Amino acid sequence: MGLLTRLVGLTCLTAIGAVAGAQPFASVMPQDHRNLKATIPYAAMETFLKGIDGKGPVSVSVEGTTSQGRSVFLAHATRGGTPPFRILLYAQQHGDEVSGKDALLYLLRDIAAKPERLPRDVDLWVMPMMNPDGAEAEHRRNTAGADLNRDHIVLEQPETQALHRVARRLRPHLAVDCHEFTRDSEDRRDRGWMAWPDITMDGVNNPLFDPGVIAAAQRWVDASEKPLARAGHPFLRYSVGGLPPDEEQRHSAPDIDGGLNGLGMYGGLSFIIEAAVRRAGPDSAADLGNRVDAYLVLFRRFIDGDGHRKTDLAAVEASRSRSFPAFIPTNYLWVNPGPRVTDFPVLEIATGRTVWIPTANMMTLMAVKTAVPTPLGYAVEPAAARDFKILLDRHGIPYEELAAPRPVTAEACTLLRVEQEFDDVYSRYEGRQIVRRERPASRELPSGTLWVPLDGEAAVRTALVLEPTAMYGLYQYPRFGALVGPAGKLPVIRVVR
C-alpha cells in the first residue's frame, strides 16, 4: 500500500520528474548528487517519496508520526519474491545531520529508475528522516528536547518507537545508522587542524553480542578504506574523544542507548556512519555533495554484498541461535593494551597536508571490568509493573504476569548512587549506576509480579534492558529512577532458582 490517503496528489508527470531529477526537483535534488548544495527538506522529501511510491521496485508507507504531526516514512525496495538478506538503513536521528538522509534519497531514486541496481537477494528498507521535527528546526533534538540517539533503552519517543517496531518486524541482517560529525570543531581549529577523514564507520561492539557478528562487522569497517580511497574519500574507523597525542580517543560507545548497539540487540550486523561536515565557515552545505558521495560508496557496498553475503548471513544466523553465555558483562570500556602507539592523522589547515601524530592514547580494545552470572530471568515487582509492561512491549520482550504467588531464589539489588558527572579519568559519560548485588535468598513473588525469562530470541535484549547491575541502565532515566524504592531498592530482582 502507498501513501495515496496520506499525501496530496501529484500528476504522473511530476512523479516521473521526481524519479528522473527533472523540474521541479532539479533545484532541490540535482541529477548528479555531487552538485547538491542544500539539503533536501521535509516537504520536498515527502513529495519525492510520493513520486517514487509504486515506481519499479519501490513502495512507501508511514511508520510513525511525530508530536508535531510529521510522518516518519519507510521505503521498501525489492525485486520480488522473498529475498534472503534484509537491510535497514536509517538517517537523521539528529535533525541537523543531513547528508545520510540525502544519500538515502538518491539511493532510492536510482533504484526506482533502474531496478537492476538492487540485487535480487536484497530486501531493502529505508527510513530516511527519523527526526523530521528536528530537521525542520535545524536542531539536533526532537520537539520534546530528546536526543533520539540516547533513547534506545527506554524508547520514550515516537520516532525511536517507530524504528524499533520496524526492526522487530523485519529483524534485519544488516542495519546502518547515519550521522555527521564536525570536522572543524573549535578545539581542532585552536591547534590549526581539521579532522582528516571525509567519513567514518564502526560496527557493533557490545561485549554481550555474539563474537562472530562483531568480527563480521569489523571486517566491513576494515575493508572500507580502499573503495573510499578510490572514490577520493579519506576514511578512518569511527573514533571520538580529545586530541592526540595527550588526550584519549576511542571507538564507538558499547552502550545500547544509541542506534548502533540498540539495533544490534536484534542479532544482526549493525553500523554507525558519520560524515565530516565543516560548520565554522559561512556555508556548511558547501561540501554536501562530497559527503553524499562518500555515503553512497558505503551504501552500495552493503547492498552489493562485496562478496560476503553468505558469510554475513551465516554469522547472523549463528548469532540468533547460539546459547546464552554464562556471564553478563556489566562494566566495560575501551582500553589500549601494551600500550600500542597509533599514528593518528589530522589535516593541517594552513597547508592542507596530512600530519600523522603518534599517540599511545588511542583505545583500540574492548575490555570487560565486571560481569555477573547469568540468572534464569528477572522479576519486576507489582508496583512497577505498569511502567515495565510498556517498556517490555516496546522492545518486544515476552513476559508473564503472575496470577498466583511463586517461590524462587533471587538476588535483590540496591542502587547506591547514580553518577551524573563526566568521568575524566575513564572518559565516561554521565548516568553511571553504582549497584550492589545482594546474596541469593528464598522469597515468594506475589501475584502481579512480571516474570521475564532469559531465553529465546529476546534473551539478549532482555539482559541488556533489565539487568539491574549494568553500569549504564534504566535508573539513570527519570521515569525509572522514580521507581527506585526506599534505601535504593530496585524494582527488578535477579531470579537464580
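So here's what we get for this one:
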read-out: Of all DSSP beta bridges in the chain, antiparallel share, percent nearest 5; value: 70 percent
read-out: Normalised contact order of region 399-497, rounded percent, pairs of Cα under 8 Å and 6 or more residues apart; value: 38 percent
read-out: Apportionment of accessible area to carbon and sulfur, region 219-309, percent (1.4 Å); value: 47 percent
read-out: Shape of region 95-199, Cα gyration tensor, a/c cut at 1.5; value: oblate
read-out: Projected area, mean over directions - region 344-497, Cα convex hull, nm²; value: 12.8 nm²
read-out: Mean-position separation - Cα centroids, region 368-431 and region 92-135, in angstrom; value: 36 Å
read-out: The chain - Kirkwood radius from inverse mean 1/r over Cα pairs (Å); value: 23.9 Å
read-out: For the chain, accessible area per residue (1.4 Å probe, heavy atoms of protein chains only), Å²; value: 41 Å²
read-out: Percent carbon-and-sulfur accessible area, region 344-455, ignoring ligands, DNA and RNA, probe 1.4 Å; value: 53 percent
read-out: Contact order relative to length of region 83-138, as percent, for alpha carbon pairs under 8 angstrom and 6 or more apart; value: 58 percent
read-out: FRET efficiency, 1/(1 + (r/R0)^6) with R0 35 Å, evaluated for Asp423 and Ala350 via beta carbons; value: 0.50
read-out: Exposure of Val425 as accessible area (Å², to 10), given a probe of 1.4 Å and all protein chains; value: 120 Å²
read-out: Rounded tilt (10° steps) of 99-113 against the dominant C-alpha axis of the chain; value: 60 degrees
read-out: Rounded if a/c under 1.5, otherwise prolate or oblate - region 222-339, Cα gyration tensor axes; value: oblate
read-out: Theoretical ellipticity at 222 nm over the chain - DSSP helices of four or more residues, -39500 (n - 2.57) apiece, nearest 500; value: -8000 deg cm²/dmol
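The values are calculated or read from the model by the stated rules, or taken from the named source; none is laboratory data. Quick caveat, the model's predicted, so the values are computed rather than measured. Glycine also receives a Cβ, built like all others from the backbone with ideal geometry; neighbour counts cover every protein chain displayed. The protein model used for the area step is the full one, side chains on, heavy atoms only, and it has no ligands, DNA or RNA in it. Shrake-Rupley method; radii C 1.70, N 1.55, O 1.52, S 1.80 Å.
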